[in-house]
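Working notes, structure below.
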Amino acid sequence: MDKNILKGVIADNQLEVPRYKVIPRDFTFEEFGNYVFVGIRRAGKSYLLYQRMQQLLAQGVQWDEMLYINFEDERLTGIKAEDLNLLLEVHLEMYGKKPILFLDEIQNVSGWEKFARRMADTKHRVYITGSNAKMLSQDIQTTLGGRYIPVDVYPYSFKEFLTANNVPSTANHLLSTEGKAEILRKFNDYFYFGGFPEGAEFSAKRDYLTSVYQKIYLGDIAARHTVDNTFALRIMFKKLAESVKQPLSFTRIANIVSSTGAKVGTQTVINYMEYAKDAWLINPVQNIAGKLVDKETSPKYYFTDNGILNLFLLDGNTSLLENMVAVNLLRKYGRNNAVYFYNQSIEVDFYIPDDYTAIQVCYNLDNSDGTFDREVKALLKITEVLECKNLLIITRDTERTVEINDKTIEVIPVWKWLLMLNHGQNDKT
């Protein structure tokens, strides 16, 4: 790798980073923390780096103490792990100082984790982003040896989405008729088109979302894993979207896809699902009442952003509502077995052990067909088998409190629940 090319890349980045318009995310950086930010493509991982660099510049840190590199820059095509140390050499030649490192999309460099570990060992401060969840595989976590704080990055929360659209979410704004109406209008956009940061600025949101999905589907999944049967892959994602509220086994998915003429075996489906999870396109949620095999092989699958899910659906309001609740629970509590559903003689949409919370999701709580009674009955039943301190029914619009059998069930509109859930949240973005 030519040092002059690296010097040019470094100099260009120093001019570009301060120009980015950054909407601050709900995340607090530890002053001396080293971070690895992972998540779906276009979730805003790079903007977290820009946010941090702009913060440091505002605090008086100069570029002679910071080094930012984006490894998707075409000038760095072919860079290898052994070339990474050249970045330090070039920076020292230019400034003679030890820099804070900002390494964007570093998963493009095979073997990057050994360099990252050495940087932490030599007391560099390092911020890393990547799109591939394999970056945080058990092997790499072992290699990094606890030297980095892993952070899951999701598209905007509803509160962040409002901020990006210059809409206040204060209690006073909610109390006013005009303010509440403005928040509900923006929620409608968020509900159907999701929270990708760039998408918030586009008028042709569906075209933007289609482009993002194509890059994930064709680039992060098919090309990265050399999937030849892209038709089967596409059909699989379509069927997952249509079944988003239902547990699906690998065998069932294989049968559904094969019925379209795109013959695939169960092992192939298992591989495809792992690729989709690695790319953060989908997120499994397990049945807390299931046996080990059932937990692993028949979860529910939710899409990381409502906008992408909505590309597949017609009249999908109920699926979009449950998907939105699922993703925001995962955002708050984490992807790794912190959020469950319950299915054993009764069905409850979500159970969170850490908070002893059971949640039903219901778009319309009209009781003309017995919907309200069914939702309440399920919540009351789950309290007989699992500890539950909080019982919720999340709806599109309905709000009320139900007292029954010495239990309190809060019925709350999803937009209000999201604002409450996101309030003061710093552990995930």
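The values are calculated or read from the model by the stated rules, or taken from the named source; none is laboratory data. Since we're looking at a predicted model, the values are computed, not measured. Cβ: placed from backbone, ideal geometry, glycine included. Neighbour counts: every protein chain shown. Accessible surface is based on the protein model in full, side chains and every heavy atom, while ligands, DNA and RNA are left aside. Shrake-Rupley method; radii C 1.70, N 1.55, O 1.52, S 1.80 Å.
Scanning region 183-207 for residues that are at pLDDT 95 or above and either among the aromatic types (Phe, Trp, Tyr) or not in a helix (DSSP H, G or I) (or both) yields Phe187, Tyr190, Phe191, Tyr192, Phe193, Gly194, Gly195, Phe196.
Restricting the first member to region 98-116 and to residues that are over 21 Å from Asp278 (Cβ atoms), and the second to residues that are β-branched (Val, Ile, Thr), the beta-carbon pairs closer than 7 Å and six or more apart or on different chains are Leu101/Val126.
Residue count for region 35-69 under the criterion of being modelled with pLDDT of 95 or more and of a type in the set (Val, Ile, Thr): the result is 2. Residue-level check: of (1) over 17 Å from Lys407 (Cβ atoms); (2) outside any strand (DSSP E or B), Arg374 misses just (1). It is to be established whether one or more residues within region 105-114 are open to solvent by less than 10 Å² (accessible area, probe 1.4 Å) and either of a type outside the set (A, V, I, L, M, F, W, C) or modelled with pLDDT of 95 or more (or both). No, there is no match, as no residue in region 105-114 is open to solvent by less than 10 Å² (accessible area, probe 1.4 Å) and either of a type outside the set (A, V, I, L, M, F, W, C) or modelled with pLDDT of 95 or more (or both).
Residues that are closer than 29 Å to Phe191 by Cα and touching a His at 6+ places or on another chain (Cβ under 6 Å) are absent from region 223-233 altogether. Within region 245-287, the residues that satisfy the criterion of being open to solvent by 60 Å² or more (accessible area, probe 1.4 Å), over 19 Å from Asp228 (Cβ atoms) and either β-branched (Val, Ile, Thr) or touching a helix residue (DSSP H, G or I) at 6+ places or on another chain (Cβ under 8 Å) (or both) are Lys245, Thr251. Cβ-Cβ distances below 6 Å connect the following pairs, each with a first residue in region 66-83 that is over 22 Å from Arg42 (Cβ atoms), a second residue that is assigned to a strand (DSSP E or B), and a separation of six or more residues or different chains: Met66/Ile100; Leu67/Leu101. Is it the case that Leu49 is under 24 Å from Val90 (Cα atoms), open to solvent by less than 40 Å² (accessible area, probe 1.4 Å) and assigned to a helix (DSSP H, G or I)? Taking the combined requirement at face value, the residue satisfies it. When you scan region 276-287, how many residues do you find that are at pLDDT 95 or above and either of a type in the set (Ser, Thr, Tyr) or part of a loop (DSSP other than H, G, I, E, B) (or both)? Residues meeting the conditions: 1. Note on region 11-46: residues that are of a type in the set (Gly, Ala, Ser) and surrounded by fewer than 20 Cβ atoms within 10 Å (Cβ to Cβ) amount to 2.
Across region 139-171, what is the number of residues that are in contact (Cβ under 8 Å) with a residue 60 or more places away in the chain, of a type in the set (A, V, I, L, M, F, W, C) and either in a loop (DSSP other than H, G, I, E, B) or exposed (fewer than 14 other Cβ atoms within 10 Å of the Cβ) (or both)? The total comes to 1.
Mind checking which residues of region 172-200 are within 17 Å of the chain's Cα centre (by Cα) and surrounded by fewer than 19 Cβ atoms within 10 Å (Cβ to Cβ)? Walk me through how you get there before you give the answer.
First, the residues of region 172-200 that are within 17 Å of the chain's Cα centre (by Cα): 190-200.
Selection gives Tyr192, Glu198.
Met324 meets all of the listed conditions (1) under 29 Å from Pro150 (Cα atoms); (2) open to solvent by 40 Å² or more (accessible area, probe 1.4 Å) but one, namely (2).
For region 386-408, filtered to residues that are among the hydrophobic types (A, V, I, L, M, F, W, C) and either under 30 Å from Pro168 (Cβ atoms) or free of Cβ contacts under 8 Å to residues at least 12 places away in the same chain (or both), the residue that is most open to solvent (accessible area, probe 1.4 Å) is Leu392.
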